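Just so it is clear, none of the values below were taken in a lab; they were calculated from the coordinates. Worth saying up front: this structure is predicted, and the values here are computed from it rather than measured. A quick note on method: Cβ atoms are made from the backbone with ideal geometry, for glycine too, and the neighbour counts reach across all protein chains shown.
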Amino acid sequence: MSILHHIFAIDVKTLLCVIFLTLLEAFPNAHVFLSCNNHVYKKCSLCYNSVMNNVVDEYLSKLSEPQQSTLKHVQQVIQTTIPEAEQVITYGMPGYKYKGKYLISFSAFKDHLSVFPGAEAIGDLKEQLQTFEISKGTIQFTPEHPLPDDLLESIVMHGVARIDNAKK
């Protein structure tokens, strides 16, 4: 499902806000201001976070059980592990950014669920991931064989360390 599919489930004012925020993120040096709730913001983080939460909740609500509860648990573990991470939609999937950089995303598919932590995390944690189907940047699992919380926390913290240690 695409982000547009999710956006059309929200009101027009919110849609316009998302469009402006997307443009601001694409062109961070642009001198564009957004009027939101009678205030002027260069980037309305409260509105943006509210929109992203609604879009992610909408994405998750459309899943059937047990996929829905499994991915909600993934979401909860990520939020508990790194509460300052920002919820986003990336490539049509729920995900998180940390300090403005991609951290992790997750999605449901017909026969499995996946988290997308990036190739570095998978390479470094390969031994712990032996019981899961993995590819360059993806870990596949099922509701019957979910990622253990401690492993998911390690994956998230690996991403946090990658971002914190990146050259600026």
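Between residue 125 and residue 69, with labels modelled 7 Å along Cα→Cβ, what's the label distance in nm to one decimal, could you check?
Each label point lies 7 Å from its Cα, and together they span 2.3 nm.
Just to be sure I understand the model, the point goes 7 Å from the Cα along the line to the Cβ. What's the resulting residue 145 to residue 109 distance in nm?
Rounded to a tenth, the inter-label distance reads 1.4 nm.
Around residue 134, with a cut-off of 14 angstrom between Cβ atoms, what is the net charge of the other residues, counting Lys and Arg +1 and Asp and Glu -1?
-2
Which semi-axis lengths, in whole Å and largest first, follow from the square roots of five times the eigenvalues of the Cα gyration tensor of segment 63-168? The partial results should precede the final answer.
Values: eigenvalues 86, 51, 29 Å².
Equivalent ellipsoid of segment 63-168: 21, 16, 12 Å, largest first.
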